[in-house]
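The values are calculated or read from the model by the stated rules, or taken from the named source; none is laboratory data. If you're wondering where the values come from, they're calculated on a predicted model, not measured in any experiment. Cβ sites come from the backbone with ideal geometry, for glycine too, and all protein chains shown count toward neighbours.
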Amino acid sequence: MSSDIVYENQDDAGAENPFYRAVKTYVLRKGRMTAAQERDYNELSPVWCIPFENKKINFVDIFGNTNPVVVEIGFGMGTATAEIAGRNPDINYIGIEVHTPGVGRLLGEIRKRDLKNLFIIEHDALEVLECMIVDGSISGFHIFFPDPWQKKRHHKRRLVQRPHTDLIAKKLAPSGYLYFVTDWYEYAEFALSQLTDTPCLHNKYESFAESQSWRPETKFERRGLNEDRPITELYFLKDE
């Protein structure tokens, strides 16, 4: 077992932590922040990070407008997130990530690009959806290169599976979309099955989706291609 992995404390269960789940879709890894990431995190997180709380977000209060809201779950280092937000100033974005170095990196991108339409929540994404997101309020979800949890005994940790996809569908507005990309083909097949079985969602394509030209290439995508792993995409819509 790698020494940089911190597993959830089993003692957190029960009344002391009402949001406790025995199985998480991630593990926290101790990642060292660069000096720039630490500076940006300390200076900018009070402005651009929304604290987790058991209270629904009013997006008009956060963004100051009624533009559609897109949520990215697990943005990594956030480069693609910032690029997408910069290209689409009339769409609001919420990025959810648990790894602090990535949060610091994206905060730096927000400052560098002078983005006004992107906020961050540094917390477990499923808890954020359950506690902070109003049903039917999200125009789209981006899930790019999530941990595939390759070993069969770890499949229970995968993000894109029921009942997690039921929760995501519940938060989507009618005609809203879920856009999933992976470089692990078996995970793509698994996710296709899970999303197909999720009530209120339907596939925009016959099976796997065409590559969406507006999505920037990511570090994980380049790594997968360099290792001869095909990029597979899914694009599901919520029923009207």
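With respect to the conditions (1) closer than 16 Å to residue 48 by Cβ; (2) surrounded by fewer than 17 Cβ atoms within 10 Å (Cβ to Cβ), residue 66 falls short on a single one, namely (1). Residue pairs whose Cβ atoms lie under 7 Å apart, sitting 6 or more positions apart in sequence or on different chains, and linking a residue in the range 218-240 that is surrounded by 15 or more Cβ atoms within 10 Å (Cβ to Cβ) to a partner that is among the basic types (Lys, Arg), are 235/204; 236/204; 237/204. Selection over the range 165-200 of residues that are more than 17 Å from residue 72 (Cβ to Cβ), among the hydroxyl-bearing types (Ser, Thr, Tyr) and assigned to a strand (DSSP E or B) gives a count of 1. For the range 203-218, state whether one or more residues are touching a strand residue (DSSP E or B) at 6+ places or on another chain (Cβ under 6 Å), assigned to a strand (DSSP E or B), at pLDDT 95 or above and more than 30 Å from residue 63 (Cα to Cα). Yes.
State yes or no: is residue 236 closer than 22 Å to residue 96 by Cα and part of a strand (DSSP E or B)? Yes; evaluated as a whole, the condition is true for this residue. The set of residues in the range 73-107 that are crowded, with 20+ Cβ neighbours inside 10 Å, among the small types (Gly, Ala, Ser) and either free of Cβ contacts under 8 Å to residues at least 24 places away in the same chain or part of a helix (DSSP H, G or I) (or both) comprises 80, 82, 85, 102, 104.
For residue 118, the stated conditions hold: it is out of contact with any Asp or Glu (no Cβ under 6 Å at 6 or more places or on another chain), under 22 Å from residue 221 (Cβ atoms) and crowded, with 22+ Cβ neighbours inside 10 Å.
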